[in-house]
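The values are calculated or read from the model by the stated rules, or taken from the named source; none is laboratory data. Quick caveat, the model's predicted, so the values are computed rather than measured. We place every Cβ from the backbone using ideal geometry, glycine too, and count neighbours over all the protein chains shown.
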Amino acid sequence: MGNDKKIGGYKYDGTTLKGLGFDNNYGKPDQIFSGEWTFGAINMLQLFLNESNGYDKVKLTNDITNMRQAIEEELTTVIPINGNSVASVLYANKRYWIPFGWWSNQIPSLASTGWAALVDNLYNPLYLGGDFNTYDFV
């Protein structure tokens with residue numbers, strides 16, 4: 001997993017991972033940071049943590065904590081909706097051409113914010129019932 005962090009990681013310094021981008025961030029001073037993809041990675045690491053078959057629980061927990069904190073510090077914003085101040089997570093930290101054929105923008109995102117609600121409530125949307133396991137229902 002080290003090369004994955006080095007290539008796609010946001011501000012990865014060899015130890016601390018702050019998030020994921022849409023492209024190769026390695027060695028680039030102005031890196032892309034995706035709220036949606038980082039929350040998806042947190043969800044995956046939570047699954048690994050739960051399964052824990054040979055995974056280092058301390059490293060997994062540190063990555064989860066560091067990524068969630070970076071999202072809070074760098075991508076979370078407050079916007080007005082119907083006269084109320086509401087927290088929202090940006091789609092990305094900047095406008096960026098995503099190699100899959102569209103632009104990321106630094107705007108409040110339903111996808112990123114929805115992931116925040118799921119991750120913060122320890123609910124895995126990729127498993128019926130929200131559990132963090134890979135077992136079939138019986």
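Structural remarks
- Flag if Leu128 is more than 18 Å from Gly9 (Cα to Cα), exposed (fewer than 13 other Cβ atoms within 10 Å of the Cβ), aliphatic (A, V, I, L, M) and without any contact (Cβ under 8 Å) to a residue 40 or more places away in the chain: yes
- Unmet criterion (only one of (1) at pLDDT below 95; (2) β-branched (Val, Ile, Thr); (3) within 22 Å of Thr16 (Cα to Cα)) for Ile81: (3)
- Filter pass, Ser112 being in contact (Cβ under 8 Å) with a residue 40 or more places away in the chain and surrounded by 18 or more Cβ atoms within 10 Å (Cβ to Cβ): yes
- Residue that is surrounded by the most Cβ atoms within 10 Å (Cβ to Cβ) [pool: residues in the range 1-59 that are basic (Lys, Arg) and part of a loop (DSSP other than H, G, I, E, B)]: Lys18
- Residue among Ala87, Ala117, Ala92 that alone is at pLDDT 95 or above, touching a strand residue (DSSP E or B) at 6+ places or on another chain (Cβ under 8 Å) and within 15 Å of Gly40 (Cβ to Cβ): Ala92
- Number of the condition not met by Glu72 [criteria: (1) without any contact (Cβ under 8 Å) to a residue 60 or more places away in the chain; (2) more than 27 Å from Phe48 (Cα to Cα)]: (2)
- Qualifying residue in the range 72-95 (condition: in contact with a Ser or Thr (Cβ under 7 Å, 6 or more places away or on another chain), in a loop (DSSP other than H, G, I, E, B) and exposed (fewer than 13 other Cβ atoms within 10 Å of the Cβ)): yes
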